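Working notes for the structure below.
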Amino acid sequence: MSPERQLAELLSALDRKEKTNQLKHYKPYPYQLAFHNARGFQSDRPAVQRALMAANQVGKTTCAAMEAAIHLTGRYPEWWDGNRIRRANTGLVGGLTNESVRDICQKELFGDPTDDKQLGFGTIPLECIGKITRKAGVPNAIDSAMIRHVSGSWSKVAFRAYEQGAKKHMGTRIDWGWPDEEAPEDIWAQYLRATFSTRGFLFMTFTPEDGITKVVHSLINDLKPGQALIRATWDDAPHMNHDRREQLLMQVPAHQRDMRSKGVPLMGSGLVYQIVESEIVCDPIEIPSYWPRVAAVDFGIGHDFAGVWVAWDRDRDIIYVYDCYSKPGQLISENVSQLNRRGKWIPVIWPHDGLNREPKSGKPYADLYRDEGANMWHTQFANPPTPGEEEGKGGNSVEFGIAEILSRMQTGRFKVFKTLSQWLEEFRMYHREDGKIVKQFDDLMDATRYAALSLRHATTEVVRIRKQLAPMGATNW
């Protein structure tokens, strides 16, 4: 055999060895690492229910398939800080149809289902694959498979399709479950039930093609203790270079582009601000000291506290949203600290519910913030008055404010720093149902409206300069 042929066969063998042990070479992207190691809401323990709501083609399915392989084999990498099972275990993998489960999930785990020579070319190492049971009536589909665990015992992974119905998922006890794409409520309920007795956990990966469903709504707006939501866009996937993005976007209808590229729930005409995101985002800039600034808050009485900071380029009449803050369950003192560290001199606009009285003290919430040192405006928010109308008589019409902001967006007079991920996530979710604005996940949007409609109260920092006494006794001024 010639040296060239020997080298070629050696390289082929090394390539096959690597392809049949992908798990060993897995290096997760930052968002994938965050998904694997996510902590539960209001908990310092690994989340028992995780969801990865992500754009297409970012590697979300590969990420989940790697995790499935890690649990099945017990081969936990050094960076692993998530859920860990120290014995052989049972997992359930699901998807929309038998065919999609076979062609997506099974392929990621075991390799191309149509080619026996590709067995082991998935995330589960070839050397760990044991007995495979085929699914009746679905060519090349696996019903279940035994996987060698590091303990020497056998783990088991089974495959089910949502189209088989909830009954097909009943009676199963699992240590972990991976629904790929959003599971219907009744199927999701069966996954939950299947983990109760084992104290197991679930991880779901999906692109929100069905819009704001009950499952999506609960993940975004009503996380329960122990749950976690991780988001990923094309920007989070290094392999999604400019050419690849452009190629994919050309194949996608305009109204689906945010959903496909950012993992934003498909809402179409239901969006409040129907404008392309790229037309309002900008790179952060250094804000000149002579630009007036104003801040606004949504108090978070029964929901998240939110603050937004705006600078106004008066020469070009452009608003820049340059900072934001949103967090639930914080003390008033902590919220005030967040306000003041961004500039105690900046006036803070507040809505009418700041007049509500805190039960224990009996004081209005606006006064409580003022007592803690926040630079609260002297009265509640009101839209700008019409010419000749008294200040404060402009009302607080939400639709008026939205129309004003949308007009600015459409004319290039409203910009948002692209680094404000919390703001942009709310912007993408801000939508209507039956013509009415959905009052969920809108705290930063409300605060933005208060600030943008309060430019007349914006101010610059007053800098007082003291001239030091000169050696020869010059006077102060």
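The values are calculated or read from the model by the stated rules, or taken from the named source; none is laboratory data. Bear in mind the structure is a predicted one, so any value in this text is a computation, not a measurement. Neighbour counts run over all protein chains shown; Cβ positions are idealised from the backbone, glycine included.
What the table shows:
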| item | result |
| --- | --- |
| Considering residues of segment 43-63 that are surrounded by 24 or more Cβ atoms within 10 Å (Cβ to Cβ) and farther than 16 Å from Thr233 by Cα only, the residue nearest to the chain's Cα centre (by Cα) | Arg50 |
| Long-range neighbours under 7 Å by Cβ, at least six apart or interchain, first residue not assigned by TED's automatic domain parsing to the domain that holds Leu424 within segment 268-291, second modelled with pLDDT under 90 and assigned to a strand (DSSP E or B) | Gly270/His431; Gly270/Arg432; Gly270/Glu433; Leu271/His431; Val272/His431; Val272/Arg432; Val272/Ile437 |
| Condition check for Phe121: aromatic (Phe, Trp, Tyr), assigned by TED's automatic domain parsing to the domain that holds Trp176, in contact (Cβ under 8 Å) with a residue 40 or more places away in the chain and within 18 Å of Lys24 (Cβ to Cβ) | yes |
| Hits in segment 358-376 (condition: on the phi > 0 side of the Ramachandran plot and modelled with pLDDT under 95) | Gly362 |
| Hits in segment 285-311 (condition: over 21 Å from the mean Cα position of the chain (by Cα) and surrounded by fewer than 20 Cβ atoms within 10 Å (Cβ to Cβ)) | Ile285, Glu286, Ile287, Pro288, Ser289, Tyr290, Trp291, Pro292, Ile301, Gly302 |
| Residue ID - farthest from Phe41 (Cα to Cα), chosen from residues in segment 326-356 that are in contact (Cβ under 8 Å) with a residue 60 or more places away in the chain and not in a loop (DSSP other than H, G, I, E, B) | Ile349 |
| Evaluation of Arg370 against (1) without any contact (Cβ under 8 Å) to a residue 12 or more places away in the chain; (2) assigned to a loop (DSSP other than H, G, I, E, B) (one fails), failing number | (2) |
| Within segment 73-117, tally of residues that are within 29 Å of the chain's Cα centre (by Cα), surrounded by 22 or more Cβ atoms within 10 Å (Cβ to Cβ) and hydrophobic (A, V, I, L, M, F, W, C) | 5 |
| Test: residue in segment 236-247 that is in the same structural domain as Gln42 (by TED's automatic domain parsing), out of contact with any strand residue (DSSP E or B) (no Cβ under 6 Å at 6 or more places or on another chain) and crowded, with 20+ Cβ neighbours inside 10 Å | yes |
| Subset of segment 217-228 (residues that are buried (at least 20 other Cβ atoms within 10 Å of the Cβ) and either free of Cβ contacts under 8 Å to residues at least 12 places away in the same chain or hydrophobic (A, V, I, L, M, F, W, C) (or both)) | Leu219, Ile220, Ala228 |
| Trp188 vs. criteria farther than 20 Å from Ala69 by Cβ, crowded, with 21+ Cβ neighbours inside 10 Å and either of a type in the set (A, V, I, L, M, F, W, C) or touching a strand residue (DSSP E or B) at 6+ places or on another chain (Cβ under 9 Å) (or both) | yes |
| Selection from segment 289-341 of residues that are out of contact with any Lys or Arg (no Cβ under 9 Å at 6 or more places or on another chain) and at positive phi | Gly302, Gly329 |
| Selected residue [assigned to a loop (DSSP other than H, G, I, E, B), outside the structural domain of Trp309 (by TED's automatic domain parsing) and either modelled with pLDDT under 95 or surrounded by 10 or more Cβ atoms within 10 Å (Cβ to Cβ) (or both)] from Thr475, Thr386 | Thr475 |
| Contacts under 6 angstrom Cβ, first residue in segment 398-418 being within 13 Å of Asp446 (Cα to Cα) and modelled with pLDDT under 95, partner surrounded by 14 or more Cβ atoms within 10 Å (Cβ to Cβ) and among the charged types (D, E, K, R), 6 or more apart | Gly401/Arg449 |
| Output for segment 193-222, where each listed residue is assigned to a strand (DSSP E or B) and of a type in the set (A, V, I, L, M) | Leu202, Met204 |
| Condition check for Gln380: assigned to a loop (DSSP other than H, G, I, E, B) and surrounded by 13 or more Cβ atoms within 10 Å (Cβ to Cβ) | yes |
